[in-house]
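Student: A single structure is presented below for examination.
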Amino acid sequence: MVGTCRCWAKNRYEQLVIEFHLYDPACTDSDIARLRELHVEMDNAILACYGWEDLNLDHGFYENERGKTRYTISPDARREVLKRLVQLNLEVEEGEKFDEI
């Protein structure tokens, strides 16, 4: 059990270090840059699943509502994604009401 805990702690430490560098605009290490690229690829794949390839997420470093800088989608893109998700939710809800009749 002790060995497992030590292994977890080591992995958790490494995870925290990666997260710290991922959000640091000054960090240009190739492995961190690749993680950022993977985030973009994953986000674009999710957009494709929704059929929203027309949406430019404009990934970059943006300050969040807590004042922390994060590598994420732009505030405009975030608002558009949320708007579309709300609309989709309303459409699904309306379809469920129709099915009940």
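Values in this text are rule-based calculations from the coordinates and carry no lab data. In this text, all values refer to a predicted model and were calculated from it rather than measured experimentally. Virtual Cβ from ideal backbone geometry, glycine too; neighbours counted across all protein chains shown.
Student: What does the highest-first list of 31-43, 83-95 look like by mean Cβ count within 10 Å?
Tutor: Packing order, densest peptide first, comes out as 31-43, 83-95.
Student: OK, next. Once you list every other residue whose beta carbon is under 14 Å from the beta carbon of Asp24, what net charge do they have if Lys and Arg are +1 and Asp and Glu are -1?
Tutor: Working: positive: Arg36, Lys68, Arg70; negative: Glu19, Asp29, Asp31, Glu63.
Here the charged neighbours net out to -1.
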